[in-house]
Structures are given as C-alpha cells and as structure tokens.
Amino acid sequence: MSTITRSHLAEKIYAEVGLSRNESADLLEAVLDRMAAALEGGESLKISGFGTFSVRQKGRRIGRNPKTGVEVPILPRRVLVFRPSQSLRARVNGAELAEGPAEDDDE
C-alpha cells in the first residue's frame, strides 16, 4: 500500500498535461487551495464521479473516558465528511456500473 502525495500528483499532471513541473505544482496547489477555502467557508464540494466533501456541525455532548468511566463534555465542533459517489464505490469494490447515464447518488 502506498500513499499518494502532492509531488506524485504534480508529477502526473506534468506527464499527462505537458505543463512544466513548476506550473504543474502551482496548478495542483491552486486546486487544493480552492477546495480547502470552499470547505472552510462551509460549502460542499462535489467532484462528479468521485464524491462529495461536506462540513457538518456537531453539537455539544457528554462523552465517557473508556479507561476511567469519567464523563467529560465534548465541545461543539465542525467535522469534514466524505461521501463517495456510486461509481467510486463500485470501482473500489471491483464492480463495473451498468451502462447508462453517469449519475451520482451523493446529493
């Protein structure tokens, strides 16, 4: 199992698109910055055929330390959620989608 890094992605852009290595890295950074800014602003981010990133607000609740059993308050927070598209789920599970319109069920 390997990890895909920014440098791997920038190199792939360089190889496939034909931009210089610096331009490829700049393009990747611009895309990632735009994605992060949208999520910071509370917007959902849908990448067709891949999935949807969204931010959810979680309220205050009481949790329990599993080791000691002591109740502790868990403060409200925002969490990042990813929901894969139907086509990505199928690819991960090794199945091919039936022919037809490419629709995602992640809305």
- Task: Would you check which residues across the range 1-55 are among the small types (Gly, Ala, Ser), under 23 Å from residue 89 (Cβ atoms) and more than 13 Å from the chain's Cα centre (by Cα) and list them?
- Result: 2
- Task: Could you identify the single residue in 7, 85 that is at pLDDT below 95 and out of contact with any His (no Cβ under 6 Å at 6 or more places or on another chain)?
- Result: 7
- Task: Pull up the range 58-87, narrow it to residues that are among the charged types (D, E, K, R) and within 22 Å of residue 38 (Cα to Cα), then point me to the one that is surrounded by the most Cβ atoms within 10 Å (Cβ to Cβ).
- Result: 83
- Message: If I filter the range 90-100 for residues that are basic (Lys, Arg) and modelled with pLDDT under 95, do I get at least one hit?
- Response: yes
- Can you tell which of 55, 17 is at pLDDT below 95 and surrounded by 10 or more Cβ atoms within 10 Å (Cβ to Cβ)? 17
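The values are calculated or read from the model by the stated rules, or taken from the named source; none is laboratory data. Worth saying up front: this structure is predicted, and the values here are computed from it rather than measured. Heads up, the Cβs are rebuilt from the backbone with ideal geometry, glycines too, and the neighbour counts pull from every protein chain shown.
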